[in-house]
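Q: A single structure is presented below for examination.
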Amino acid sequence: MNYGIVTKVLGSLLVFEAIMLAPAILVSLYYREPEVNAFLYTVLLTLLIGIPCARFSQSSRKIKAKEALIIVAGGWVVVSFFGALPFYFSGSIPHLMDAFFETMSGLTTTGATILDDIESLPRGILFWRSFTHWLGGMGILVLTLAILPAIGVGGFQIFKAESPGPVSDKLVPKMQHTATILYTAYFGMTVLQTVLLMFGGLNLYEALVHTFGTVGTGGFSIYNDSVGAYESAYVQWIITIFMIGAGINFALYYELYKKKLVNVLDNAELRLYLLLLSAAMLILFVNLQFQQSGVWTENLRHTAFQVASIMTTTGYTTLDYELWTPFSQSVIFFLMFVGGCAGSTGGSIKVIRILVLFKLVKRQILKVLHPRAMVPIQVQGRMLQADTIASVTSFFFLYMLILVGGTMILSLEGLDLISAISSAAATLGNIGPGFGFIGPTQTYSEFSYLSKGILSLFMLMGRLELFTVFILLTPSFWSESK
């Protein structure tokens, strides 16, 4: 194990995080907030540790698979810890475990919060809180690879360990260029949504923080009522459209840039993603229209917003969906397990895995009818290898196993079944709000510190696709590294 390169990359990551605190510092200075000192202390401490580590000598610049796993999982934990310091030093979140939970939630784009009165916090702190969504949306280390070519050697191992989806492919031969392409699309979407929200009456500060939560599919808002604080249909529709856009594989935007529209329209995962979104919106709209009173345009807007928010694992809300009918709530609960496309900023199981599982069920039915038939599993005209199919099925099984185990552990706190299972699902799927104890009008503040630690682990596991973290928890990984 080359611990030298691990230390060097993690040190470079801390230096990068210190630089990324600059926008929040500028916001605090602009609003003349004393909490700017908390950011300055954090920057100083982060650099004091990060710079020596970044200059650490290493036996080789090549990053192997095991080192990549440690770098990715360790990187997220380290960045979350140091990113929590502004909350802690400023007194905005007095307990370090709570601050770590909030930062892990932000960076993993979960959007789960322990804050009961968000509007009482300083604007610089709230800006940093939302900015963590943007940093973590595409992946902290993928962003680092795009900006810091000095650690780009062997970067594809990091990319594979951090990127969502069963298959991670380079868009271009050089890993650094792939990261740059992805972040170019990401940055472009950020700028466009910010401008459009400002046309809707939001100032630059409000537009930025809600854009960070949208394109990063995180869901942190600066208002206690989330996006519901804006009664503007225009603002809510803009956020709905961009949530849907953020749930699409960002590699497809590169295809659009190359004017390969046919490849985009022919993408099976994208078609299923849009089909599930449209079907859920239609079902909820019809149910809401016939079961509850209200103007049809408002019902359509709220159902579209909530379906997009939950399925893309953003977690924004415009109203309390727990007041809807049990049928509508069951549809919302199902969407918590779907997620966005692979290669998007969305979490949960991912549409591509749902597609493969559907095809596996279909093949099994055909095999029962025709035992000797050879029925390959194909996606986009490519036959999936046995290893890929095994990774999808094992991921699904492990996801459900962790969900069940998490539900049982959380029930020890006295939570009812719905609250326990939705808490586990909302953190493991990086969604944020759920039902019952953590409904859209509730927070995670009443959980014990032990449960917050477990839920923080769930958020990390969900963001890194389970196996990256799960492997590190097995004794064999470390024994073989000696």
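The values are calculated or read from the model by the stated rules, or taken from the named source; none is laboratory data. These numbers were taken from a predicted model, which means no experiment stands behind them. All Cβ positions, even for glycine, are placed from backbone atoms using ideal geometry, and neighbour counts span all protein chains on display.
Q: Residue by residue through the range 408-417, note down the ones that are crowded, with 19+ Cβ neighbours inside 10 Å and either in a helix (DSSP H, G or I) or in contact (Cβ under 8 Å) with a residue 40 or more places away in the chain (or both).
A: Once the filter is applied, which keeps residues that are crowded, with 19+ Cβ neighbours inside 10 Å and either in a helix (DSSP H, G or I) or in contact (Cβ under 8 Å) with a residue 40 or more places away in the chain (or both), the range 408-417 yields only Leu410.
Q: Please indicate, with yes or no, whether at least one residue in the range 359-376 is over 17 Å from Phe396 (Cα atoms) and touching a strand residue (DSSP E or B) at 6+ places or on another chain (Cβ under 8 Å).
A: Within the range 359-376 (the criterion being over 17 Å from Phe396 (Cα atoms) and touching a strand residue (DSSP E or B) at 6+ places or on another chain (Cβ under 8 Å)), the answer is yes, since at least one residue qualifies.
Q: While we're here: Of the residues that make up the range 168-176, is at least one of a type in the set (Val, Ile, Thr), at pLDDT below 90 and not in a loop (DSSP other than H, G, I, E, B)?
A: Taking every residue of the range 168-176 in turn, none turns out to be of a type in the set (Val, Ile, Thr), at pLDDT below 90 and not in a loop (DSSP other than H, G, I, E, B).
Quick grid of which residues meet (1) surrounded by fewer than 13 Cβ atoms within 10 Å (Cβ to Cβ); (2) more than 17 Å from Phe242 (Cα to Cα); (3) modelled with pLDDT of 95 or more:
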{"residue": "Glu255", "(1), (2), (3)": "no, yes, no"}
{"residue": "Lys260", "(1), (2), (3)": "no, yes, no"}
{"residue": "Leu265", "(1), (2), (3)": "yes, yes, no"}
{"residue": "Leu270", "(1), (2), (3)": "no, no, no"}
{"residue": "Leu288", "(1), (2), (3)": "no, yes, no"}
{"residue": "Thr297", "(1), (2), (3)": "yes, yes, no"}
{"residue": "Ala308", "(1), (2), (3)": "no, no, yes"}
{"residue": "Thr313", "(1), (2), (3)": "no, no, no"}
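Q: Ok, one more. Considering only residues that are surrounded by fewer than 23 Cβ atoms within 10 Å (Cβ to Cβ) and charged (D, E, K, R), look in the range 92-116 and name the one that is modelled with the lowest pLDDT.
A: Filtering first and then ranking leaves Asp116.
Q: Take residues that are at pLDDT below 95 and surrounded by 16 or more Cβ atoms within 10 Å (Cβ to Cβ) and tell me which of the helices (runs of 4 or more DSSP H) falling wholly in the range 418-482 contain 3 or more. Before you say what the answer is, go through the steps one by one.
A: Details: elements: 449-463, 467-472, 475-479.
Because the criterion is at least 3 residues that are at pLDDT below 95 and surrounded by 16 or more Cβ atoms within 10 Å (Cβ to Cβ), the helices (runs of 4 or more DSSP H) in the range 418-482 that meet it are 449-463, 467-472.
Q: For the range 228-240, how many residues meet the condition of being part of a helix (DSSP H, G or I) and either free of Cβ contacts under 8 Å to residues at least 40 places away in the same chain or touching a Cys at 6+ places or on another chain (Cβ under 6 Å) (or both)? Give the derivation first.
A: Step one: filter the range 228-240 for residues part of a helix (DSSP H, G or I), giving 228-229, 233-240.
From what is left, the residues that are either free of Cβ contacts under 8 Å to residues at least 40 places away in the same chain or touching a Cys at 6+ places or on another chain (Cβ under 6 Å) (or both) are 229, 234-235.
Number of matching residues: 3.
Q: Here is a follow-up. Kindly establish whether Gly339 is assigned to a loop (DSSP other than H, G, I, E, B) and farther than 20 Å from Ala425 by Cα.
A: no
Q: What pairs come up if the first residue lies in the range 117-133 and is more than 14 Å from Gly218 (Cβ to Cβ) and surrounded by 21 or more Cβ atoms within 10 Å (Cβ to Cβ), the second is among the aliphatic types (A, V, I, L, M) and modelled with pLDDT of 95 or more, and their beta carbons are under 6 Å apart, counting only those six or more places apart or on different chains?
A: Close Cβ pairs satisfying both conditions: Gly124/Ala24; Gly124/Val27.
Q: To continue, here is another question. Ile377: touching a residue at least 40 places away in the same chain (Cβ under 8 Å) and not basic (Lys, Arg), yes or no?
A: So Ile377 does not fit the description; no.
Q: Sticking with this one: Among the residues that make up the range 365-372, is at least one of them of a type outside the set (D, E, K, R), part of a helix (DSSP H, G or I), in contact with a helix residue (DSSP H, G or I) (Cβ under 9 Å, 6 or more places away or on another chain) and more than 19 Å from Ala73 (Cβ to Cβ)?
A: If we filter the range 365-372 for residues that are of a type outside the set (D, E, K, R), which is where we start, we get 365-366, 368-371.
After this cut, where a residue has to be part of a helix (DSSP H, G or I) as well, the list is 365-366, 368-369.
Adding the requirement that they be in contact with a helix residue (DSSP H, G or I) (Cβ under 9 Å, 6 or more places away or on another chain) leaves none.
No, the range 365-372 has no match at all.
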